[in-house]
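The values are calculated or read from the model by the stated rules, or taken from the named source; none is laboratory data. Since the model is a prediction, treat every value here as computed from it, not as a measurement. As a convention, Cβ positions derive from the backbone with ideal geometry for all residues, glycine included, and neighbour counts pool all protein chains shown.
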Amino acid sequence: MLDPQTTIDRLKAYPGVLLRQPIYNQHLEFYAYELSYYPQAQGCSEENHRDLITALAGRGLQTMVGRHQTFVDLKPAGMEKQTLIQFPKNQLVLETPSRAPFDEANLLTLEGLSKQGYRLALLDYLPPQTHPLAQVAQFIVLDFKLLDTDKLEHQVSLLQQQRSKLVAKNVNKPLEFELCKSLGFDLIQGSFSTHLNSYSQQRVSPSRQLTLRLLVKLQNPEAMVDELDALIRQDATLSYKLLRLVNSAFFGLRRQLASSREAIITLGIQRIKTWASLLALTGLDDRPNEIRTTAFIRARMCELLGRSLAKTPNEIFFSVGLFSALDVLLNTPLNQLLKSLPLADEAKAAILEHEGLAGQILNTVLAYEEGDWDQLRYGPLPLSTVKESYLEALAWATEIEEELKRF
């Protein structure tokens with residue numbers, strides 16, 4: 001069994017970029033992940049796909065997606081029995097293009113895998129197109145960006161006559177999500193969940209209002225040890241979570257801390273402010289956990305990339321990443337939220353306008369999050385560096401989430 005860091009190092013060694021993106025049902029409940037991979041620099045080959053299998057073997061797949069269902073296109077090179085046996089059968093959904101020229105051997109392999117209990121997802125299959133696997137695939141996945149919306153309703157109605165679940169991918173706007181729901185797609189993937197629905201008329205809940213007030217107080221630049229300690233102790237849940245977290249294996253302190261004041265003195269004012277803010281966001285139970293995890297990954301990626309570009313350590317990078325997701329978490333526009341938060345002007349400009357070094361880094365992180373590889377190729381950092389920060393941030397966010405489950 002490989003240790004976690006060795007597994008991450010193997011994923012880093014894969015000569016391409018890796019990205020997981022959540023798939024939701026119509027009720028915005030998490031259903032599965034789609035695992036995407038793309039070659040870096042010069043093209044892609046069968047060898048590249050075999051390198052992917054090597055990276056995902058052992059604990060690689062678990063590091064990327066935990067034990068959740070995962071849609072992935074392993075290409076013919078990854079469909080061999082001796083390859084697939086390395087992964088849990090009930091975890092993988094094997095994606096296969098509907099328009100790629102398959103030879104008879106590949107079709108027989110996929111039909112055989114279906115009979116063995118592997119689930120298949122047919123990509124970009126649209127009537128009146130025919131395909132030998134159309135009747136055995138459990139999922140049909142359509143790329144929303146490639147669809148003609150004028151014909152979509154009719155095409156979906158035809159597909160619904162089959163028993164397959166319909167999946168829309170690359171749905172990147174809240175209104176596109178609403179359209180997919182109304183058309184009857186069963187599952188929806190894309191970055192729509194990380195964008196505020198400006199047309200939503202939902203009232204800001206009391207829990208969100210309390211969270212915002214707490215965040216405002218936590219960001220007070222004049223708060224010293226006594227004031228910060230008093231603020232944390234006023235919220236019994238926050239105080240409890242903070243002590244549980246700092247005394248966990250995640251921090252690895254040599255001795256147990258008995259109070260929030262002791263935690264502030266040991267870890268520092270700014271660090272405790274950051275962690276208290278992060279923990280405050282965990283109280284928002286009316287949003288999918290994946291959105292919160294995305295905020296954690298953004299924060300950690302910004303921090304790691306900030307170390308690569310900045311000459312001196314700066315807490316601003318973590319805060320910029322974390323607070324960039326506040327609009328979705330609190331259902332309020334960012335410009336409105338940031339008027340209430342006493343953040344430095346540099347941080348506000350980075351979040352709202354992507355200005356300055358922190359803004360440039362946030363822009364890079366958001367591009368990775370959405371799989372915009374063309375933008376990243378011309379960014380300030382090598383794509384390999386951004387990928388490595390993503391993998392480190394993903395492992396870090398996963399560990400945080402596991403700790404929080406114990407509370």
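Here are a few things to note about the model shown:
- Some residue of segment 91-113 being free of Cβ contacts under 8 Å to residues at least 24 places away in the same chain, more than 23 Å from A32 (Cβ to Cβ) and among the polar types (S, T, N, Q): no
- Residue count for segment 144-159 under the criterion of being exposed (fewer than 15 other Cβ atoms within 10 Å of the Cβ) and outside any helix (DSSP H, G or I): the result is 1.
- Criterion (in the same structural domain as L214 (by TED's automatic domain parsing), in contact with a Gly (Cβ under 6 Å, 6 or more places away or on another chain) and of a type in the set (F, W, Y)) met by exactly one of F317, F323: F317
- Scan of segment 160-187 for residues that are touching a Gly at 6+ places or on another chain (Cβ under 8 Å), touching a residue at least 60 places away in the same chain (Cβ under 8 Å) and in a loop (DSSP other than H, G, I, E, B), ordered by number: N172
- Selection status of V328, in contact (Cβ under 8 Å) with a residue 12 or more places away in the chain and either closer than 25 Å to R208 by Cα or in contact with a strand residue (DSSP E or B) (Cβ under 8 Å, 6 or more places away or on another chain) (or both): yes
- Complete set of residues in segment 252-289 that are part of a loop (DSSP other than H, G, I, E, B) and within 31 Å of the chain's Cα centre (by Cα): G252, L253, G268, T282, G283, L284, D285, D286, R287, P288
- If you check T274, T282, T294 for being in the same structural domain as L329 (by TED's automatic domain parsing), among the β-branched types (V, I, T), at pLDDT 90 or above and surrounded by 15 or more Cβ atoms within 10 Å (Cβ to Cβ), only one passes: T294.
- Search result, residues across segment 380-403 that are crowded, with 18+ Cβ neighbours inside 10 Å and more than 17 Å from the chain's Cα centre (by Cα): L383
For (1) out of contact with any Asp or Glu (no Cβ under 6 Å at 6 or more places or on another chain); (2) modelled with pLDDT of 90 or more, each residue gets a yes or a no:
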{"position": "Y24", "(1), (2)": "yes, yes"}
{"position": "F30", "(1), (2)": "no, yes"}
{"position": "L35", "(1), (2)": "yes, yes"}
{"position": "S45", "(1), (2)": "yes, no"}
{"position": "D51", "(1), (2)": "yes, no"}
{"position": "G58", "(1), (2)": "yes, no"}
{"position": "M64", "(1), (2)": "yes, yes"}
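- Yes/no for E346 being closer than 28 Å to G283 by Cα and among the acidic types (D, E): yes
- Residue that is modelled with the highest pLDDT, among those in segment 129-145 that are out of contact with any helix residue (DSSP H, G or I) (no Cβ under 7 Å at 6 or more places or on another chain) and under 18 Å from L108 (Cβ atoms): A137
- Within segment 11-36, residues that are in contact (Cβ under 8 Å) with a residue 12 or more places away in the chain and farther than 22 Å from P382 by Cα sit with their Cβ atoms under 6 Å from residues that are among the small types (G, A, S) and assigned to a strand (DSSP E or B), at 6+ positions apart or across chains, in these pairs: I23/A32.
- Residues that are loosely packed, with under 14 Cβ neighbours inside 10 Å and either among the aliphatic types (A, V, I, L, M) or free of Cβ contacts under 8 Å to residues at least 24 places away in the same chain (or both) within segment 227-258 comprise E227, A230, Q234, A236, A249, G252, R254, R255, Q256, A258, listed in sequence order.
- Helices (runs of 4 or more DSSP H) (entirely within segment 305-407) containing at least 2 residues that are at negative phi, of a type in the set (D, E) and at pLDDT below 95: 345-353, 383-405
This table checks each residue for (1) closer than 29 Å to Q5 by Cβ; (2) outside the structural domain of L35 (by TED's automatic domain parsing); (3) in a loop (DSSP other than H, G, I, E, B).
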| site | (1), (2), (3) |
| --- | --- |
| Q82 | yes, no, no |
| L108 | no, no, no |
| E111 | no, no, no |
| Q135 | no, no, yes |
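- Evaluating P333 against the criteria (1) within 22 Å of N220 (Cβ to Cβ); (2) in contact (Cβ under 8 Å) with a residue 60 or more places away in the chain leaves one unmet condition, (1).
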